[in-house]
Amino acid sequence: MFAEASFRLVSDEVALFMREMKAKAKTLHVDPITFDKVHTYMQMWRWPRALASAHNLCNSKSAHTWQENNSFGGTASEQLSFLPVFRRFTEAVISKSPLGLQFTAEITSMLALADVVDCLQAITRDHVVGEDHLYQLIATHLHAYRSAYGEDNMMPKHHYSIHLPKQMQAHGRLFACFVHERRHQEIRKHTMQRRTLTGYEAGLMEEVICDNIADMMDLDLWREGGLVEPVHQFSRRMHSMLCSA
């Protein structure tokens, strides 16, 4: 379940990184590097059509929101497109500025986070990555993060990330998300109707699966969603993956 964990780690650290950089700039009496400047840099880049674009993630309206709320939003796909370019911005612009010379711990942590996310993305594309290598990248980031921001800013998902190498070792791969991630409202609907914990998990799973089967039998729903009537059986590779999961 690394996709959601990566999303939260990226959004929270980018927000913290920009907030601390603004405070450091004020202390040093130098011009801050704001989300507006990040937005200008983003306009120099183009993303493949198959990927979400990060062009407008830091536009003037969004930048105002991020700065006012000390946050960083967007979808997980947008952030995955944003992070490699922001990494380049950090290396080429921030680290070379007068501010960057006094901001080395935070920059080190941000670059280490980018290394972790790059590795996780490679794993999803079936690149061979050893569990030990992934663990070393995650450990390097956690040490850098603690050094930059202190123990008080550590989050539960920092701890969760430590378990990813063991999950990969146990299952042979990492799962970006499970099907129920797209059906949270279905799960909520059925949990609201239950008044006893007897057979809770089995009953909830049965109701969700029955709803899912009914939806899959409604071919009009498939066509409206841009899908076509299935004509082929799933591949042997998919069958083996499902059997080994």
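The values are calculated or read from the model by the stated rules, or taken from the named source; none is laboratory data. Owing to the predicted nature of the structure, the values given are computational and were not obtained by experimental measurement. Reconstructed Cβ throughout: ideal geometry from the backbone, glycine too, with neighbour counts over all protein chains shown. Side chains included, ligands, DNA and RNA excluded: accessible areas come from the protein's heavy atoms. Shrake-Rupley method; radii C 1.70, N 1.55, O 1.52, S 1.80 Å.
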| request: Taking residue 83 as the residue in question, decide whether it is in contact (Cβ under 8 Å) with a residue 60 or more places away in the chain and either open to solvent by 50 Å² or more (accessible area, probe 1.4 Å) or within 26 Å of residue 158 (Cα to Cα) (or both). | output: yes
| task | Need at least 2 residues that are modelled with pLDDT under 85 per element, so show me which helices (runs of 4 or more DSSP H) inside the stretch 1-80 make the cut, counting only ones lying wholly within it. | result | 2-28, 60-69
| message | Going by what's in this entry, would residue 156 be described as open to solvent by less than 50 Å² (accessible area, probe 1.4 Å) and at pLDDT 80 or above? | response | no
| Residue satisfying condition, being of a type in the set (Lys, Arg), under 20 Å from residue 20 (Cβ atoms) and surrounded by fewer than 20 Cβ atoms within 10 Å (Cβ to Cβ), within set 96, 61 | 96
| query | Does the stretch 188-202 contain at least one residue that is under 30 Å from residue 119 (Cβ atoms), open to solvent by less than 60 Å² (accessible area, probe 1.4 Å), at pLDDT below 80 and part of a loop (DSSP other than H, G, I, E, B)? | reply | no
| note | Taking the stretch 117-133 and keeping only residues that are open to solvent by less than 80 Å² (accessible area, probe 1.4 Å), of a type outside the set (Val, Ile, Thr) and part of a helix (DSSP H, G or I), one is left with 118, 119, 120, 121, 122, 131
| Is there any pair linking a residue in the stretch 131-152 that is more than 18 Å from residue 16 (Cα to Cα) to one that is crowded, with 19+ Cβ neighbours inside 10 Å and polar (S, T, N, Q), with Cβ under 6 Å and at least six apart or on different chains, and which? | 138/161
| query | Got a number for residues in the stretch 99-116 being open to solvent by less than 10 Å² (accessible area, probe 1.4 Å), part of a helix (DSSP H, G or I) and touching a residue at least 60 places away in the same chain (Cβ under 8 Å)? | reply | 3
| message | Anything in the stretch 15-35 that is open to solvent by less than 70 Å² (accessible area, probe 1.4 Å) and among the acidic types (Asp, Glu)? List them, or say none. | response | 20
